[in-house]
1. Under unit Cβ charges (Lys, Arg +1; Asp, Glu -1), what dipole magnitude, rounded to 20 debye, does the stretch 273-431 have relative to its Cα centre?
2. Quick check: net charge around GLU191, other residues with Cβ under 11 Å of its Cβ, Lys/Arg +1 and Asp/Glu -1?
3. Let me know the shape class of the stretch 259-361, please: from the alpha-carbon gyration tensor, a ≥ b ≥ c as square roots of the eigenvalues, rounded when a/c is under 1.5, otherwise prolate if a/b is greater than b/c, or oblate.
4. Let me check I've understood the local charge: for SER117, count other residues with C-beta under 10 angstrom from its C-beta, Lys and Arg +1, Asp and Glu -1. What total comes out?
5. Rounded, prolate or oblate: which one fits the stretch 204-244, using the alpha carbon gyration tensor with axes a ≥ b ≥ c (rounded when a/c is under 1.5, else prolate when a/b beats b/c, else oblate)?
6. Once you order the gyration tensor axes a ≥ b ≥ c over the Cα atoms, which shape class does the stretch 280-416 get: rounded for a/c under 1.5, otherwise prolate or oblate by comparing a/b with b/c?
7. Can you compute the charge dipole magnitude of the stretch 198-283 about its Cα centre, using +1 on each Lys and Arg Cβ and -1 on each Asp and Glu Cβ, nothing else charged? Give it in debye, rounded to the nearest 20.
8. Counting only the heavy atoms of the protein chains, how much of PHE271 is accessible to a 1.4 Å probe, in Å² to the nearest 10?
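The values are calculated or read from the model by the stated rules, or taken from the named source; none is laboratory data. Owing to the predicted nature of the structure, the values given are computational and were not obtained by experimental measurement. Cβ placement follows ideal geometry from the backbone for every residue including glycine, while neighbour counts extend to all protein chains displayed. Heavy atoms of the whole protein, side chains included, go into the accessibility calculation; ligands, DNA and RNA do not. Shrake-Rupley method; radii C 1.70, N 1.55, O 1.52, S 1.80 Å.
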Amino acid sequence: MHRLRVVLAALTLGAPFAASAADITRIASSLEEDDPFDLFIDVGFERTQNRAKIVREQLAPAGQPGGRVDATELWYKGVDARLNLELSVGLYRDLEFSFALPVVFSQNERWDFTSNSSPETSTITNNCLNANGSVIPGCLDGSAPPNALFDVPQESFRGGLGNMRFGLAYAFFNQEKDETKPTWIVGLEYEAPTAKLRDAAADTTNPDSRGNIGDRVHKYQLYTAFSRRLGAAEPYFKAHYTIPVRGPGAYSNCAQAESNPDNLGAPGNCFQGPWNRKETGINAPHTAGMLFGVELVPFNRPAKSQRFALDVRGIGNYVGSGRYYNELSAALRKLLTSEDYFQVGGMLGVTANPSKAFQIRASGMFLYNTNHALTAEEPGRDVNNDGAVDLQPGSPELNPNFDWRYDLVSRRFLAVESTTFRFDLSATFSF
């Protein structure tokens, strides 16, 4: 009872607790007078599940109000399960170097009809258009069968070693050393495109032959994080921005121009005029985000280095537009251009330190993704500067990636009611 009163008093009155910095501002430091060397080894399991309803734009029937309606088509589910391995070492006082490597056990996707759709009514199975916009002969009058965009239901299976990540972080202020200042960290993380290249056109429906997961994109993330311990509570804040840079050998949809030309609207334009590999290849999105939260320490026993903490945070992210692997890429077997969207949500986590050298952490994160188009490729480019894009068949101004079946406004696919749930369980060994 006496111990409980002490904890409650600390929570309400802000009595100082001897505690380490919040997890988000943890930093390895070496060559200190009382701490010559810091090394953290993190081993964690992460499972991320993405769900979305996929709808399709359609023109409203003649005589009905509104120019466009969204027809419900599919339920999408993607599950990523991986083992995260990370090593952080202090190079100097409050200067940290980190290295991380994810081992992706599975990156599985599945598409199913919703209760409002079926093979008989779906626009996916009853497609009468070719990628170049022409009509399949005999399809409209029923003398020839339609050509489905892809099979439903369908599953995709991928996995393998992920991209290596390297990081440098420096603490300009460290509350562990100066109680009058917060902990303030600035860092740079570089994700190298070391994973095997993902071929968007590959058949990945066989679980015994998983596809690759690499995107061949360099990613540079700049971030800053603050935390300030106030008794048993430690509020914190982090902001980050990621800059993608296309690497050599990155995938281009024009790789299908000879082997699968029917999946491109204008395959003859591939690598002609402005349509080089850079213009037809992956264009990863810029991302930015902020998170804020508080770590509460209801139990702390400094003499034995034992501690228990609750972590509550809010999350907001922005994902820019770009051409990359999205929720329909494995089904349509190509890179697709997505509109930008926001993610909002939160996380709840618990951390336990049974000793100075060991920590275990579990957390659950939920994000809601705002509605956005999944097939929004531009039809072409005004090459001759006459003020308009020539969309006639054979025009050199046609974008090879543009597919008249689903990139044209009134035929596009959109992700709605999209959510992300992530569960993390990790252990940290400190030396």
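1. 1160
2. Result for the local shell: 0.
3. On the way: a/c = 4.21, a/b = 3.32, b/c = 1.27.
Because a/c hits 1.5 or more and a/b exceeds b/c, the stretch 259-361 counts as prolate.
4. -2
5. Judged from the Cα gyration tensor, the stretch 204-244 comes out oblate (a/c at least 1.5, b/c at or above a/b).
6. Working: a/c = 3.81, a/b = 3.78, b/c = 1.01.
Here the stretch 280-416 falls in the prolate category.
7. 660
8. 100
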